[in-house]
1. In the range 6-22, is there at least one residue being of a type in the set (D, E, K, R) and touching a helix residue (DSSP H, G or I) at 6+ places or on another chain (Cβ under 7 Å)?
2. Could you list, ordered by first residue, the pairs with Cβ atoms under 6 Å in which the first is in the range 21-35 and over 19 Å from V51 (Cα atoms) and of a type in the set (D, E, K, R) and the second is assigned to a loop (DSSP other than H, G, I, E, B) and open to solvent by 80 Å² or more (accessible area, probe 1.4 Å), at least 6 apart or interchain?
3. Would you call V51 in contact with a helix residue (DSSP H, G or I) (Cβ under 9 Å, 6 or more places away or on another chain), among the β-branched types (V, I, T) and either open to solvent by 70 Å² or more (accessible area, probe 1.4 Å) or modelled with pLDDT under 95 (or both)?
4. Taking the condition of being farther than 16 Å from P2 by Cβ and touching a residue at least 24 places away in the same chain (Cβ under 8 Å), how many residues in the range 59-75 meet it?
5. Being of a type in the set (G, A, S), part of a helix (DSSP H, G or I) and more than 14 Å from the chain's Cα centre (by Cα), is that true of even one residue in the range 45-63?
6. For the subset of the range 1-44 comprising residues that are under 12 Å from the mean Cα position of the chain (by Cα) and acidic (D, E), which member is surrounded by the most Cβ atoms within 10 Å (Cβ to Cβ)?
7. Please specify each residue of the range 54-67 satisfying the condition of being surrounded by 17 or more Cβ atoms within 10 Å (Cβ to Cβ) and either among the charged types (D, E, K, R) or out of contact with any Lys or Arg (no Cβ under 7 Å at 6 or more places or on another chain) (or both).
8. What number of residues within the range 75-120 satisfy the criterion of being among the aliphatic types (A, V, I, L, M) and at pLDDT 90 or above?
Amino acid sequence: MPYIYIVRCEDNSLYTGIAMDLERRMWEHYYKKKAGAKYTKSHQLRSLEMVWEAESWSYAAKLEYRIKRLLKSKKEELILHPERANELPSLRQMGIRYQPHPEMTLEKCILPVEEESRHL
């Protein structure tokens, strides 16, 4: 299942992305790996603010696109009320549903990858 996420950087900026393997993607961003996003290479991650799960990559890409177009203040509201992702214009009309995962944290994502890499 694909995931859509919002991370907060050290400068308090927000970055929105999409991934099939959330742990690997957070590791790439956090450790500034070659496969990581250009933005997160120059903005250190501080926290994983919100994660949603989608039924398909196509649905995930639609939510990512909508979030990226929001003002920062609206993104902050979405972080506080993740269920509102299902109410974003155009997505609501399509009947697309997203499952929020507020329990996901940056630490939960990068630690399993760190543990794996130590044993290689």
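1. no
2. none
3. Spelling it out, it is not the case that V51 is in contact with a helix residue (DSSP H, G or I) (Cβ under 9 Å, 6 or more places away or on another chain), among the β-branched types (V, I, T) and either open to solvent by 70 Å² or more (accessible area, probe 1.4 Å) or modelled with pLDDT under 95 (or both).
4. 2
5. yes
6. Filtering first and then ranking leaves E23.
7. Matches in the range 54-67: A54, Y59, A60, K62, L63, E64, R66.
8. Here the count works out to 6.
The values are calculated or read from the model by the stated rules, or taken from the named source; none is laboratory data. It should be emphasised that the depicted structure is a prediction, and the values quoted were computed from it without experimental measurement. FYI the Cβ positions are ideal-geometry reconstructions off the backbone, even for glycines, and counts take in every protein chain you see. Surface accessibility is based on the protein's heavy atoms, side chains included, excluding ligands, DNA and RNA. Shrake-Rupley method; radii C 1.70, N 1.55, O 1.52, S 1.80 Å.
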